[in-house]
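Worksheet: the structure to be examined is printed underneath.
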Amino acid sequence: MTLIASESAQPLWRRHAKSQLSSAVARTASVLTMLAVWQLAVVFGHRVPSMADTFARLGSEGAGGQLWTNLAVSMNRFLLGLVAALLVGAALGVAMGLSRIADYALTDLTMAGLAIPAVIWALLTTMWFGFGWLTPVTTVFLCGLPFVIVNIAKAVRAIPAETMLMARAFGVGRAEVLRNIIAPAVAGSTIAAVRFAIMSAWNGLLLAEWFGATSGVGWRARYWYDANQLDGFLAWVLLFIAFLIIVNQALGLLENRATRWRRS
Amino acid sequence: MSTNTVAPQVRPTRQTSTPRNQRTVRWLISVATLASVLVAWAVVAAVIDDNIVPRPLEVFARVIDIVASGEAASNFTTTLAKIGAGFALAVVAGLPLGFLMGRGAFMNSYLSLPMFVLGNVPGLTYAVFALVIFGVGPLGPVVVSASVAVPFIAINVAEGVRSVDGDLLRMCEAFERSPRDVLRHVYLPAVSAFVLVGVRYGFAMAWKVEALTEVFGAQSGVGFMIRKAYQEFQVDDMLAWTMLFVIVMILIERGLGHLERRLFAWRKELA
């Protein structure tokens, strides 16, 4: 009964609960709608595999051991390329944000990098490096890099000049400035950068493995595609999409946390 | 040590100088970087000395060949025509979706997941299903570019609908304006700027996925030419098409940005 006693608090939590509930209903409805659209596509589009076949294939891939090995191989390549892109991209982005010369020098190249589609990188690396780990890793690196550079440079530029001038006036060292001013300011944007880089790099990884690998998620999807078994292809595609949604939600939460200091 | 003597002269002028001086510096630096990249490329090509890394001059010669033979014009027109048709579809579908998303919290959470999925599904999925469902004709790329562009347009339209001043709507109600008038004079001007922003961002995505679809199955277009270069193992052709691709894309993006500034100069907050 204490809840009713605090009259002023009640509408607030109730409204909150209500909006939570309605958004949960909306989400469930949207998942159901997407499944319904899939079912419609099965009925009307010939050769679109049905849900039952797809999930059965996913199960048999899991039972045969193909699922985890290929996923692990792909993740390994993905992380290697992504970490390299983050390290190089952060260095270049900070340089572009701080120095006008670096900015002028690199703007055109990053623009070009953003414009090049992943499929071109995948085909070029396949021609250059053949079938091996270098092809997917390089493609992931090249697909992710421009997004990291652009986002980090934007964040560094947004740091108020007064803060930097004050640090200089008080003789704060370079390492200190990097750690205590630049790092917290770009944390939120770094997560945004990672988010975009992951979207782009994951797509690149699939293509690189599709064209130039003999293992991994992209290769396995191609295996089923070449065998003209689209349920296998779709099963792997669902895994890619699930991965993207999970990463996106997780990074969204992380972004909220990293920018919390700004709102207080 | 000539740089040391030049630096103090440049510093004071920079603060008082016109943006024009600034622009020259900018231009010089970016040309210098591009030149050094070209030199690095030439050195790598000379060291490797194989068809797999063509020399810059060979690639430029290919670019000129492709442009002079009219191949570039015809393939870019077919690709851009498919994207244009796709975008027309996307605007038609994205406007009502964005309107719904902007007006209600329920519709917003209902539609945001499908929009995320549509916008972020790996291009490979679109390419394969377009080929399976629509065959190698032009319909596949059109539908693909429409589906990639819809979320960008819908999300921006929703943003535009949210940006409409509530006081303005209440005033319309008080003066008993018809819904048609409200739509025409309040929502349309607010939303149209956001639609253009959505088109600009959506274009960058749609164009890549469209090219990928053409790589998988098409009889013409830029993606088809890239596929041909890959199958004939012609790295110089591939690099030449990549270069043209980048140039055309940047030109179109600049054009759209310019259009946006011209048409919506009256809206300061978008700038």
What do you reckon, is residue A:190 not in a helix (DSSP H, G or I) and not charged (D, E, K, R)? no
Taking residue A:77 as the residue in question, decide whether it is within 30 Å of residue A:145 (Cα to Cα) and in a helix (DSSP H, G or I). yes
Looking at (1) touching a helix residue (DSSP H, G or I) at 6+ places or on another chain (Cβ under 8 Å); (2) over 18 Å from residue B:86 (Cα atoms), which is the one condition that is false for residue B:145? (2)
Among the helices (runs of 4 or more DSSP H) lying completely within the range B:45-126, list those that include at least 2 residues that are more than 14 Å from chain A (Cβ to nearest Cβ) and either surrounded by fewer than 16 Cβ atoms within 10 Å (Cβ to Cβ) or of a type outside the set (S, T, N, Q) (or both). B:56-68, B:71-103
Members of the range A:227-264 found to be more than 14 Å from every other protein chain (Cβ to nearest Cβ) and part of a loop (DSSP other than H, G, I, E, B), listed by number: A:259, A:264
Go through the residues of the range A:28-50 one by one and say whether even a single one is assigned to a helix (DSSP H, G or I), under 24 Å from residue A:203 (Cα atoms), modelled with pLDDT under 85 and over 26 Å from the mean Cα position of the chain (by Cα). yes
Please find, among A:220, A:195, the residue that is within 19 Å of residue A:139 (Cα to Cα), at pLDDT 85 or above and among the basic types (Lys, Arg). A:220
Given the conditions (1) more than 14 Å from every other protein chain (Cβ to nearest Cβ); (2) assigned to a helix (DSSP H, G or I); (3) modelled with pLDDT under 85, every one holds for residue A:16 apart from (1)
Failed criterion for residue A:215 (all others in (1) part of a helix (DSSP H, G or I); (2) at pLDDT 85 or above; (3) more than 8 Å from every other protein chain (Cβ to nearest Cβ) hold): (1)
Read through the list (1) of a type in the set (Lys, Arg); (2) at pLDDT 85 or above; (3) touching a Gly at 6+ places or on another chain (Cβ under 8 Å), then give the number of the only condition that residue B:227 fails. (3)
How many residues are farther than 19 Å from residue B:187 by Cβ and either within 15 Å of the chain's Cα centre (by Cα) or of a type in the set (S, T, N, Q) (or both) if we restrict to the range B:91-110? 1
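Let's see how each residue does on (1) more than 13 Å from chain A (Cβ to nearest Cβ); (2) under 29 Å from residue B:77 (Cβ atoms); (3) of a type outside the set (A, V, I, L, M, F, W, C):
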{"residue": "B:135", "(1), (2), (3)": "no, yes, yes"}
{"residue": "B:138", "(1), (2), (3)": "yes, yes, yes"}
{"residue": "B:156", "(1), (2), (3)": "yes, yes, yes"}
{"residue": "B:167", "(1), (2), (3)": "yes, no, yes"}
Out of the range B:227-265, which residues are among the aromatic types (Phe, Trp, Tyr), more than 18 Å from residue A:117 (Cβ to Cβ) and crowded, with 17+ Cβ neighbours inside 10 Å? B:264
Got at least one residue in the range A:172-192 being within 14 Å of chain B (Cβ to nearest Cβ) and of a type in the set (Ser, Thr, Tyr)? no
Checking residue B:150 against (1) away from chain A (no Cβ under 14 Å); (2) surrounded by 20 or more Cβ atoms within 10 Å (Cβ to Cβ); (3) hydrophobic (A, V, I, L, M, F, W, C), which single condition isn't satisfied? (1)
Inspect the range A:107-114 for any residue being in contact with a Lys or Arg (Cβ under 9 Å, 6 or more places away or on another chain) and of a type outside the set (Ser, Thr, Tyr) and give the result as yes or no. no
Assess whether residue B:157 counts as being of a type in the set (A, V, I, L, M, F, W, C), touching an Asp or Glu at 6+ places or on another chain (Cβ under 8 Å) and under 25 Å from residue B:110 (Cα atoms). no
Just checking, how many residues over the range B:198-226 are surrounded by fewer than 21 Cβ atoms within 10 Å (Cβ to Cβ), within 11 Å of chain A (Cβ to nearest Cβ) and free of Cβ contacts under 8 Å to residues at least 60 places away in the same chain? 1
Filter result (within 20 Å of residue B:204 (Cα to Cα) and among the aliphatic types (A, V, I, L, M)) within the range A:124-151: A:140, A:142, A:145, A:148, A:149, A:150
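The values are calculated or read from the model by the stated rules, or taken from the named source; none is laboratory data. All values reported here derive from a predicted model rather than from experimental measurement. Positions of Cβ are backbone-derived with ideal geometry, glycine not excepted, and every protein chain shown enters the neighbour counts.
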